[in-house]
Structures are given as structure tokens and as C-alpha cells.
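For reference, the structure discussed in these notes is given below.
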């Protein structure tokens with residue numbers, strides 16, 4: 001079984017929608033890292049040296065590769081990334097190897113077989 005890592009960078013108030021959409025599309029779990037900082041096309045402004053950037057959360061999902069595109073699309077739709085510029089991004093990268101996924105593999109085996 002092959003896996004992909006989906007990384008989602010979004011505002012804290014969209015994380016629950018992202019998690020719900022991902023799980024509904026087949027994700028078996030996620031890790032959320034709170035209070036990350038990012039920068040878009042234009043550098044954020046400061047006020048007397050205080051950073052005025054909005055904090056983002058990072059959602060990490062290890063998903064089965066056959067489900068990854070539909071999960072990514074569900075996340076985009078739920079978080080409205082394309083509809084609302086600046087609201088966040090999501091991307092996926094291939095995972096070469098991983099350990100600690102035995103319970104996810106058991107849960108995904110039947111689902112992936114049924115879809116193929």
C-alpha cells in the first residue's frame with residue numbers, strides 16, 4: 001500500500017471543516033499543528049516591530065494514494081481555498097516509506113479494494 005502526505009495550511013476557524021471533509025472522503029486520521037506563521041505574495045506589515053500576521057494551523061494527513069486526490073478536492077471545497085484567495089492552501093507529496101501505520105492499513109485495505 002502506498003501513501004501520500006496532504007499538508008493543509010489554513011485559518012484556525014476552518015480546521016474542523018477540513019478535518020470533517022477529509023474524514024468523509026476517506027482519511028483515517030490527522031495531526032494538527034497550531035499557530036504557524038506564513039507569508040503570501042506580499043510581506044505582512046508590522047507595527048513598531050510587532051508582527052501583524054495572522055496565525056495559521058497546519059493539518060497533516062497520511063492517506064492512501066488512491067484516495068488522496070478525492071480527499072484533497074474535498075478539503076479544497078470545504079475550506080474554499082480557490083473561492084477565497086488567501087484563505088489557505090493544501091498540497092500532497094508522495095511518501096517513500098513510513099512506519100506506525102498498521103491500524104490505518106487494516107482500515108483502508110477493504111475500502112481501497114472496493115474502490116479499485
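General observations
- If the condition is being out of contact with any helix residue (DSSP H, G or I) (no Cβ under 6 Å at 6 or more places or on another chain), modelled with pLDDT under 90 and surrounded by 10 or more Cβ atoms within 10 Å (Cβ to Cβ), then the range 89-116 contributes 98, 101, 103, 104, 105, 106, 107, 108, 109, 111, 115.
- Note on the range 67-78: residues that are touching a residue at least 60 places away in the same chain (Cβ under 8 Å) and out of contact with any strand residue (DSSP E or B) (no Cβ under 8 Å at 6 or more places or on another chain) amount to 1.
- Flag if residue 63 is modelled with pLDDT of 95 or more and in contact with a helix residue (DSSP H, G or I) (Cβ under 8 Å, 6 or more places away or on another chain): no
- Given (1) out of contact with any strand residue (DSSP E or B) (no Cβ under 6 Å at 6 or more places or on another chain); (2) modelled with pLDDT under 85, index of the condition residue 55 fails: (1)
- Filter result for residue 76 (modelled with pLDDT of 85 or more, crowded, with 16+ Cβ neighbours inside 10 Å, out of contact with any helix residue (DSSP H, G or I) (no Cβ under 6 Å at 6 or more places or on another chain) and not in a strand (DSSP E or B)): yes
The values are calculated or read from the model by the stated rules, or taken from the named source; none is laboratory data. This structure is a prediction, so every number in the text was calculated from the model and none was measured. Note: ideal-geometry Cβ built from the backbone for every residue, glycine included; neighbour counts use all protein chains shown.
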